[in-house]
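> What follows is a single structure, and I will ask about it in a moment.
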Amino acid sequence: MARLYSYSQVTKTHAASDSWWAIIFTDRISFPIVYFLSNYTRIRPNTITLFSLGTGIAAAVLYAIGTTGTLILAAIIFEISYILDGIDGKLARLTHSTSKGGHILDKFRDKI
């Protein structure tokens, strides 16, 4: 599969509403992943959103258990969910595959 997007194009996909945490920390993780996904896979942004939703729910369950080990694991999984949430938006903007359904799914994931 031929490379379609440059790394420079990927780095221009952050949203104006991105938090300082996203800009300073998670973008360093998400940009290489978005580059790989957009150029070498057929994974769509809504698929990433569903994975983000699943990891967010898993983190909530672990937080509810509340032991020291599960709280630490929940924090790590929650951060993964946050990173995935950023990846889906960046991938959608980069590949021009934004949709009303994807926006609704993303907002639902954010509420959960």
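> Just to be sure I understand the filter: pairs with C-beta atoms under 7 Å, separated by 6 or more residues or on different chains, first member in the stretch 87-106 and among the polar types (S, T, N, Q), second member open to solvent by 20 Å² or more (accessible area, probe 1.4 Å). Which pairs pass?
From residues that are among the polar types (S, T, N, Q), the pairs are SER97/ARG44.
> Something else about it: Please find, within the stretch 19-28, the residue that is nearest to THR95 (Cα to Cα) out of those that are surrounded by 14 or more Cβ atoms within 10 Å (Cβ to Cβ) and of a type outside the set (Gly, Ala, Ser). Let's see the steps before the verdict.
The first filter runs over the stretch 19-28 and keeps only residues surrounded by 14 or more Cβ atoms within 10 Å (Cβ to Cβ), leaving 22, 25-27.
Among the residues that remain, those that are also of a type outside the set (Gly, Ala, Ser) are: 25-27.
Values: PHE25: 23, THR26: 20, ASP27: 17 Å.
Looking at the filtered set, the residue picked out is ASP27.
Okay, residues lined up against (1) under 13 Å from the mean Cα position of the chain (by Cα); (2) buried (at least 18 other Cβ atoms within 10 Å of the Cβ); (3) part of a helix (DSSP H, G or I):
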residue	(1), (2), (3)
THR13	yes, yes, no
SER17	no, no, no
PHE31	yes, yes, yes
LEU50	yes, no, yes
LEU71	no, no, yes
ALA74	no, yes, yes
ASP88	yes, yes, yes
ILE104	no, no, yes
PHE108	no, no, yes
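> Report every pair of residues separated by at least 6 positions or lying on different chains whose Cβ atoms are under 6 Å apart, first residue within the stretch 71-84 and under 14 Å from PHE51 (Cβ atoms) and of a type outside the set (Asp, Glu), second open to solvent by 80 Å² or more (accessible area, probe 1.4 Å) and part of a helix (DSSP H, G or I).
From residues that are under 14 Å from PHE51 (Cβ atoms) and of a type outside the set (Asp, Glu), the pairs are LEU84/PHE51.
> Within the stretch 85-112, count every residue that is touching a Lys or Arg at 6+ places or on another chain (Cβ under 9 Å) and either more than 14 Å from SER38 (Cα to Cα) or hydroxyl-bearing (Ser, Thr, Tyr) (or both).
4
> Still on this model: For ILE43, are the conditions met, namely being open to solvent by 60 Å² or more (accessible area, probe 1.4 Å), of a type outside the set (S, T, N, Q) and within 12 Å of the chain's Cα centre (by Cα)? Even if it seems obvious, please write down each step before you answer.
Numbers: open to solvent by 60 Å² or more (accessible area, probe 1.4 Å): yes; of a type outside the set (S, T, N, Q): yes; within 12 Å of the chain's Cα centre (by Cα): no.
For ILE43, the condition - open to solvent by 60 Å² or more (accessible area, probe 1.4 Å), of a type outside the set (S, T, N, Q) and within 12 Å of the chain's Cα centre (by Cα) - is not met.
> Which residues, taken from the stretch 57-69, are assigned to a helix (DSSP H, G or I), open to solvent by 20 Å² or more (accessible area, probe 1.4 Å) and of a type outside the set (S, T, N, Q)? Before the answer, list the steps.
Residues of the stretch 57-69 that are assigned to a helix (DSSP H, G or I), as a first pass: 57-65, 68-69.
The next check asks that each one be open to solvent by 20 Å² or more (accessible area, probe 1.4 Å); those that pass are 57-58, 60-65, 68-69.
Within the stretch 57-69, ILE57, ALA58, ALA60, VAL61, LEU62, TYR63, ALA64, ILE65, GLY69 qualify.
The values are calculated or read from the model by the stated rules, or taken from the named source; none is laboratory data. These numbers come from a predicted model, not from an experiment. Counting neighbours? That spans all protein chains shown, and the Cβs are built from the backbone with ideal geometry, glycine included. Just so you know, the surface numbers come from the protein's heavy atoms only, side chains and all, with ligands and any DNA or RNA stripped out. Shrake-Rupley method; radii C 1.70, N 1.55, O 1.52, S 1.80 Å.
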